[in-house]
Structures are given as C-alpha cells and as structure tokens.
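The values are calculated or read from the model by the stated rules, or taken from the named source; none is laboratory data. Note that the structure is predicted; figures quoted are calculated from it, not measured. Cβ atoms come from the backbone with ideal geometry, glycine included; neighbour counts cover every protein chain shown.
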Amino acid sequence: MLFTMWWGFWGILGSYIGGVVGAGILVGVGLVPSLAYTLATLPALIPMFLIYRGYLSKHGVDPLFRDLVYKEADRSKTHRIRAWFCFILINMVILNFVYAYGLLEIEYLLGLVPPAMFWFYIYGFMIGNVIPSIILVPLMVRGLSSLVDRQGLVNIGWLS
C-alpha cells in the first residue's frame, strides 16, 4: 500500500513482482499460478492509487498518508479525521473486500479453498488484513515517509 503511494506506477509494478516472487515462486506454487494469484492485488492497488492521487488529493487528503499521523504536511494543516475516514472506508472496507474476493476466487479456482468455506475465508482474510494495516501503515508513515521524502525517492506524479 505505501509503496504504491510513494512510488506510483512503479510501486504497483514492484508490488506485483514482489507478490509473484514472494507469495508464489518462493512458496513453490509455480510461475503460472503465481502470476494469476498475484493479479488479485491489482484491482485493489490501482483504484487506491487513482482515488488518492486524483480525487482525494484535490480535496485535502494527503496521497502519501502523512495526514494519518501528522498535524501538518508540506506546511499545510492536515485533515486527520477525513484522512482516517477515507483510509478505513476505501482501503480497509471496499478495496480490502475486492482484494480478498479476487484472491480467494483465484485460490478457489486453483482448488485451494473449499466451496463451503469461501465466504468464511473472505471475512477472515479481511479481518486479518485490516488489523495489521491499521497498526502498521501509520507506524511506517511516521517512521519512513520523512526519510523516503528527504532522500528524494517519493514520486508525486502519476508515473514519475
């Protein structure tokens, strides 16, 4: 999530490649199932990137998530309540469901999820994704965003 917001399109590409290697090939799934399995990340990352960089950035929400933890970003006051509301609604509810459904649909097609447990797995996946995201994203933003920004590694545009 943060890599996509820091590095734009390149962060999405890096997340996809990292997912193919880490969640697929290194686990022993094989290249073709790994490529399909990791496709489930794209319908969550691409809309998040477009929503935050396009719409929300024009309505006072920082596309780098700095307003989740800081009272000021780029010398302007942040809207923390709005930022947390958007973060939870967009990332933790809507796009998390899209990600969980897509990922488990692929696992179901690969025969890894029993049909009777499909929706149970989706809710479990969503809860298991929400809790660490709400804890880790603000910690990473506080600990790494300023460092990445100071090094000139943040991509503010769409591609560069």
Condition (residue is acidic (Asp, Glu) and within 25 Å of ARG150 (Cβ to Cβ)) applied to the range 56-63: is it met by at least one residue? yes
For the range 76-95 the number of residues that are surrounded by fewer than 13 Cβ atoms within 10 Å (Cβ to Cβ) and not hydrophobic (A, V, I, L, M, F, W, C) is 2
Given (1) modelled with pLDDT under 90; (2) in a helix (DSSP H, G or I), LEU89 misses just (1)
Can you pull out the residues in the range 2-31 that are of a type in the set (Gly, Ala, Ser) and either surrounded by fewer than 14 Cβ atoms within 10 Å (Cβ to Cβ) or within 14 Å of the chain's Cα centre (by Cα) (or both)? GLY8, GLY11, GLY14, SER15, GLY18, GLY19, GLY22, GLY28, GLY30
One residue is enough: does the range 106-115 have a residue meeting the conditions surrounded by fewer than 17 Cβ atoms within 10 Å (Cβ to Cβ), touching a Pro at 6+ places or on another chain (Cβ under 7 Å) and part of a loop (DSSP other than H, G, I, E, B)? yes
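When residues of the range 120-139 are filtered for being surrounded by 15 or more Cβ atoms within 10 Å (Cβ to Cβ) and out of contact with any Asp or Glu (no Cβ under 9 Å at 6 or more places or on another chain), how many remain?
Residues that pass the stated criteria total 9.
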Can you list residue pairs whose Cβ atoms sit under 7 Å apart, with the first residue in the range 1-29 being over 22 Å from PRO132 (Cβ atoms) and at pLDDT 85 or above and the second being assigned to a loop (DSSP other than H, G, I, E, B) and hydroxyl-bearing (Ser, Thr, Tyr)? Count only pairs 6 or more apart in sequence or on different chains. none
Checking the structure you have, find out if any residue of the range 92-108 is touching a residue at least 40 places away in the same chain (Cβ under 8 Å), in contact with a Phe, Trp or Tyr (Cβ under 8 Å, 6 or more places away or on another chain) and β-branched (Val, Ile, Thr). yes
Mind checking whether some residue in the range 143-154 is within 24 Å of LEU13 (Cβ to Cβ), within 14 Å of the chain's Cα centre (by Cα) and surrounded by 12 or more Cβ atoms within 10 Å (Cβ to Cβ)? no
Return the residue satisfying two criteria in turn: it lies in the range 32-60 and is among the β-branched types (Val, Ile, Thr) and surrounded by 16 or more Cβ atoms within 10 Å (Cβ to Cβ), and of such residues it is modelled with the highest pLDDT. ILE51
Considering only residues that are without any contact (Cβ under 8 Å) to a residue 40 or more places away in the chain and polar (S, T, N, Q), look in the range 135-159 and name the one that is farthest from ILE88 (Cα to Cα). GLN151
Looking at the structure I just gave you, is PRO132 within 25 Å of LEU89 (Cβ to Cβ), in a helix (DSSP H, G or I), of a type outside the set (S, T, N, Q) and in contact (Cβ under 8 Å) with a residue 12 or more places away in the chain? no
